[in-house]
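Q: Following this message is one structure expressed as structure tokens.
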There are 2 protein chains.
Amino acid sequence: MGLDERLEDAIHEHGGRMTEQRRVVLETLASLNSHPTAAELYEIVREKLPDISQGTVYRNLKRLKELGYVQELDYGPGASHFDARVEPHYHVRCLECGRVADLEIERRPAPCIEEARRAAGEWVISGHRVEFVGICPKCRGTETEQRDREGS
Amino acid sequence: MGLDERLEDAIHEHGGRMTEQRRVVLETLASLNSHPTAAELYEIVREKLPDISQGTVYRNLKRLKELGYVQELDYGPGASHFDARVEPHYHVRCLECGRVADLEIERRPAPCIEEARRAAGEWVISGHRVEFVGICPKCRGTETEQRDREGS
DNA sequence: ATAGATGCAAAAACTTTGCGAAGCC
DNA sequence: GGCTTCGCAAAGTTTTTGCATCTAT
């Protein structure tokens with residue numbers, strides 16, 4: 001009933017194999033409440049698997065995403081962030097440092113999706129995404145310090 | 001009263017200068033209803049200014065964005081897309097090829113932004129973004145052809 | 001046994017930047 | 001004339017990939 005068994009089945013169904021690396025990548029991502037970039041996740045995973053390569057982390061994130069076990073949050077400049085919570089939920093992104101966090105509020109149904117479908121013509125609209133943006137506590141602190149230093 | 005004059009004023013106010021390259025980058029972007037990546041825009045701009053460099057296109061897009069004349073749409077994997085329509089409006093993004101298009105529907109007020117602020121704790125929430133996702137007509141065609149070829 | 005995954009490293013894709021020359025104000 | 005921007009090219013980031021080896025099934 002654990003995540004591993006469901007994942008293992010899903011992997012096998014698509015002709016894939018369950019490797020230590022794949023399991024640890026997903027387990028590690030799932031254990032975080034932050035939403036790291038691939039490079040950040042690589043560093044964390046290396047604590048458990050020192051010899052894993054960046055390529056493997058990228059390949060597994062891609063595979064897990066295709067299987068629906070991970071979502072990619074590629075809003076904002078710089079690297080994509082990854083999230084093992086795949087049921088729709090809202091995020092906040094820091095405009096300053098790019099950090100992404102969950103927002104614990106109930107998700108609303110898609111606004112005006114029927115109107116969007118009508119306006120989209122021949123496009124097939126499958127969903128929508130909402131992202132809040134702002135400044136995270138850490139960067140707000142830094143900004144304040146900067147203002148203080150500059151004396152304005 | 002044209003875009004150029006307002007832009008020129010805005011540029012000057014910030015100690016900048018109005019160059020041919022800067023004007024053409026913005027004019028070209030504004031003349032498209034597509035939302036090209038920097039590289040795509042570079043190719044189009046080169047028809048008018050064959051000697052312009054990629055660096056100049058990137059630098060100007062960055063500057064014009066800071067001045068609020070361009071918005072950056074960096075949803076999705078791969079390169080950022082740019083849009084000279086800066087008043088808020090909805091986009092659709094193709095999950096297949098990454099193409100971005102406008103959606104001509106009226107924008108709703110921010111959903112539950114007060115709730116988001118409460119849930120965000122110490123974050124300062126300044127806004128939100130909504131993006132519809134789906135499959136564009138071109139990729140839908142390709143998918144159909146593929147399905148036909150595979151006979152499934 | 002064998003197809004799929006890995007580690008390594010090189011390449012590709014995307015963006016920024018240093019520098020000397022050129023151009024806007 | 002002075003300070004910004006330019007073109008060029010190199011470097012920085014982020015992601016993908018080729019290949020020989022290894023491993024889960």
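Q: Please indicate, with yes or no, whether at least one residue in segment A:60-71 is of a type in the set (Ser, Thr, Tyr), under 11 Å from the mean Cα position of the chain (by Cα) and farther than 17 Å from B:Pro77 by Cα.
A: Yes, segment A:60-71 has at least one match.
Q: Let me ask something else about it. Across segment B:37-77, what is the total count of residues that are under 27 Å from A:His81 (Cα atoms), away from every other protein chain (no Cβ under 14 Å), more than 10 Å from DNA strand C (Cβ to nearest atom) and charged (D, E, K, R)?
A: 1
Q: For the list (1) over 20 Å from A:Val24 (Cα atoms); (2) within 16 Å of DNA strand C (Cβ to nearest atom), I need the number of the one condition that A:Ile105 fails.
A: That leaves (2) as the condition not met.
Q: Right, another one. Looking at B:Asn33 and the list (1) at pLDDT 95 or above; (2) within 14 Å of another protein chain (Cβ to nearest Cβ); (3) away from DNA strand D (no atom under 15 Å from the Cβ), which single condition is not satisfied?
A: (1)
Q: Further, regarding this structure: Any residue at all in segment B:19-36 that's within 13 Å of DNA strand C (Cβ to nearest atom), of a type outside the set (Val, Ile, Thr) and in contact with a strand residue (DSSP E or B) (Cβ under 8 Å, 6 or more places away or on another chain)?
A: yes
Q: Could you check how many residues of segment A:120-141 are more than 19 Å from A:Tyr90 (Cα to Cα), in a helix (DSSP H, G or I) and at the interface with chain B (Cβ under 7 Å from one of its Cβ atoms)?
A: 1
Q: Do you know which residues across segment A:94-124 are under 29 Å from A:Thr37 (Cα atoms) and touching a Cys at 6+ places or on another chain (Cβ under 9 Å)?
A: A:Cys94, A:Leu95, A:Glu96, A:Cys97, A:Arg99, A:Val100, A:Ala101, A:Ile105, A:Glu106, A:Arg108
Q: Still on this structure: Go through segment A:74-85 and give me each residue that's closer than 20 Å to A:Glu104 by Cβ and modelled with pLDDT of 90 or more.
A: Result: A:His81, A:Phe82, A:Asp83, A:Ala84, A:Arg85.
Q: Of A:Gly78, A:Gly16, which residue is on the phi > 0 side of the Ramachandran plot and within 12 Å of DNA strand D (Cβ to nearest atom)?
A: Exactly one of A:Gly78, A:Gly16 is on the phi > 0 side of the Ramachandran plot and within 12 Å of DNA strand D (Cβ to nearest atom), namely A:Gly78.
Q: Which of the numbered conditions does B:Ser80 fail, given that it passes all the others? Conditions: (1) more than 9 Å from chain A (Cβ to nearest Cβ); (2) within 12 Å of DNA strand C (Cβ to nearest atom); (3) not β-branched (Val, Ile, Thr).
A: Tallying (1) more than 9 Å from chain A (Cβ to nearest Cβ); (2) within 12 Å of DNA strand C (Cβ to nearest atom); (3) not β-branched (Val, Ile, Thr), B:Ser80 fails exactly one: (1).
The values are calculated or read from the model by the stated rules, or taken from the named source; none is laboratory data. What you see is a predicted model; the values in this text were computed from it and never measured. Glycine also receives a Cβ, built like all others from the backbone with ideal geometry; neighbour counts cover every protein chain displayed.
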